[in-house]
Amino acid sequence: MTPLFAGDEAARRNLLLLSYLRWLAVGGQLATILAVHMLLSVRLPMMPMLLTLFVLVMVNLLALTAYLRGPVNNTILLATLVMDVTCLSVQLYLSGGATNPFLALYLLQVVLGAVLLEAWSSWLLVALTSGALGLLALYAPPLDLPPALRIALPRAYILALWFNYTLAAVLLELFVTRVTRNLRHRDAYLATLRQRAAEEEHVVRIGLLASGAAHELGTPLASLSVALGDWRAEAAVSADPRLAEEVAEMQAEVARCKEIVAGILFAAGEVTGHAPERTTLRRFLSGIVANAAARDWIRIEDLLGRDIAIVSDKALGQALLNLLDNAAEADASNILLSAALDQDMLILTVQDDGRGFPAHILSAIGQPYQSTKSRRGAGLGLFLTNNVLRTLGGMLEARNRPGRGAQVSLRLPLAALAIQA
């Protein structure tokens, strides 16, 4: 289990909080010692007790020094709490041992450990306080009290007191650690929801921009298509094979641009006049590779075993195309697209022998504008791919391969694409 607040900064805040509580403890112990000594006329070993308070003050000054220096970890927090338990045990030893009513302060240390420390160290505090209470019951000398204040506790009662404390400390540890774990999971879940909402809002803005651009491009592309058709019908063009070939090539490129625009509108959820295309998984993947810029370097590894009828998802196709193009732009000369089935999950993997992912991109996979490219607007490929996978109920994983290259795996439910019989 990790601390309630993750990170060095949270540990520093916790150390500062412990310092505040320690100053209160020093002031409270000093006031209690003086009150008992002067008002109740109880002879206390003043020098050892005041020296213990001085040690507690020094511990607090060292803790504040650690706070000012920078990073604070679980070990530092544990060390300060162990010193608190030690000083409290010394004070109790000097003032009656197990008969001292301030034994309950041990439970405060247990609760603080359960909230602020990792699991192993908080359980260590439970063991330390339980052991300290047992030693006090066995070896602490009786306090010289006035006759009206003297009490004699039987051994059976002291044993029951130790057992009661140990049971209470264990139950507190179990309960508090579970509560803090639930709170931590809730906070992590809420943070994930907030991040997802922000990403989806970003995707919506990108979709609106792309949709607007696609609409704007539709009219000039249609005009170019009509004009090229007219040119091709001209006698001068049809009579010249070279001109006819160039016009045909331009028509093919315009048709490809129109198909890209239609894909953008389809991915944005807009009707483009094209019915959903029924195809097979193998044909779908082959079509993606055929449209990739680096198609000559791409191999398909078919581990499906059986072909599956699917509805061609243009958004998923564009996402895969982005991954293949990114691999080519990373100086890869060998790109492998593999497809496999794992029960009801489809696993698509793109491997390459390129430069791989820098560490800062791997740690922020799925976030926008994370790229090594210098051009404006770069770094949206993996972000959009991740959101496409999320929409289909899947997930994306990326890592660097040993030696050289990268691997991106897409896992999505087969039911999101397959045609139900």
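The values are calculated or read from the model by the stated rules, or taken from the named source; none is laboratory data. What you are looking at is a predicted structure, and each value in this text was computed from that prediction instead of being measured. Every residue, glycine among them, receives a Cβ derived from its backbone with ideal geometry; neighbour counts consider all protein chains shown. Heavy atoms of the whole protein, side chains included, go into the accessibility calculation; ligands, DNA and RNA do not. Shrake-Rupley method; radii C 1.70, N 1.55, O 1.52, S 1.80 Å.
List every residue pair whose Cβ atoms sit under 7 Å apart, with the two residues 6 or more apart in sequence or on different chains, where the first one lies in region 42-62 and is free of Cβ contacts under 8 Å to residues at least 40 places away in the same chain and over 15 Å from THR32 (Cβ atoms) and the second, anywhere, is surrounded by 12 or more Cβ atoms within 10 Å (Cβ to Cβ) and not hydroxyl-bearing (Ser, Thr, Tyr).
Here the result reads VAL55/CYS87; VAL57/VAL26; VAL59/MET83, each pair linking region 42-62 to a residue that is surrounded by 12 or more Cβ atoms within 10 Å (Cβ to Cβ) and not hydroxyl-bearing (Ser, Thr, Tyr).
For region 396-411, which positions are assigned to a strand (DSSP E or B) and among the basic types (Lys, Arg)?
ARG399, ARG411
State which residue pairs qualify: first residue touching a residue at least 12 places away in the same chain (Cβ under 8 Å) and over 20 Å from LEU384 (Cβ atoms) and inside region 316-344, second residue outside any helix (DSSP H, G or I) and polar (S, T, N, Q) in any location, beta carbons under 6 Å apart, and separation of 6 or more residues or different chains.
As it stands, the answer is LEU336/GLN351; SER338/THR349, since those pairs meet every condition given.
If only one of GLY377, GLY381 is open to solvent by less than 60 Å² (accessible area, probe 1.4 Å), more than 30 Å from THR279 (Cβ to Cβ), more than 20 Å from the chain's Cα centre (by Cα) and at pLDDT below 75, which one is it?
None of the other options fit; the residue is GLY377.
What's the number of the only condition in (1) out of contact with any strand residue (DSSP E or B) (no Cβ under 8 Å at 6 or more places or on another chain); (2) exposed (fewer than 14 other Cβ atoms within 10 Å of the Cβ) that GLY317 fails to meet?
Status for GLY317: all satisfied but (2).
Pairs please, first residue from region 289-314 and closer than 13 Å to ALA328 by Cα and open to solvent by 80 Å² or more (accessible area, probe 1.4 Å), second anywhere and assigned to a loop (DSSP other than H, G, I, E, B) and small (Gly, Ala, Ser), Cβ atoms under 9 Å, 6+ apart in sequence or on different chains.
TRP297/ALA332; TRP297/SER333
Of all the residues that make up region 103-114, how many are modelled with pLDDT of 90 or more and open to solvent by 40 Å² or more (accessible area, probe 1.4 Å)?
So the count comes out to 4.
For region 159-183, which positions are open to solvent by 50 Å² or more (accessible area, probe 1.4 Å) and touching a Ser or Thr at 6+ places or on another chain (Cβ under 8 Å)?
TRP162, the sole residue that qualifies.
Which of the residues belonging to region 36-56 are open to solvent by less than 40 Å² (accessible area, probe 1.4 Å), among the β-branched types (Val, Ile, Thr) and modelled with pLDDT of 90 or more?
THR52
Within region 260-282, restricting attention to residues that are of a type outside the set (Val, Ile, Thr), surrounded by 14 or more Cβ atoms within 10 Å (Cβ to Cβ) and out of contact with any Asp or Glu (no Cβ under 7 Å at 6 or more places or on another chain), which residue is modelled with the highest pLDDT?
ALA262
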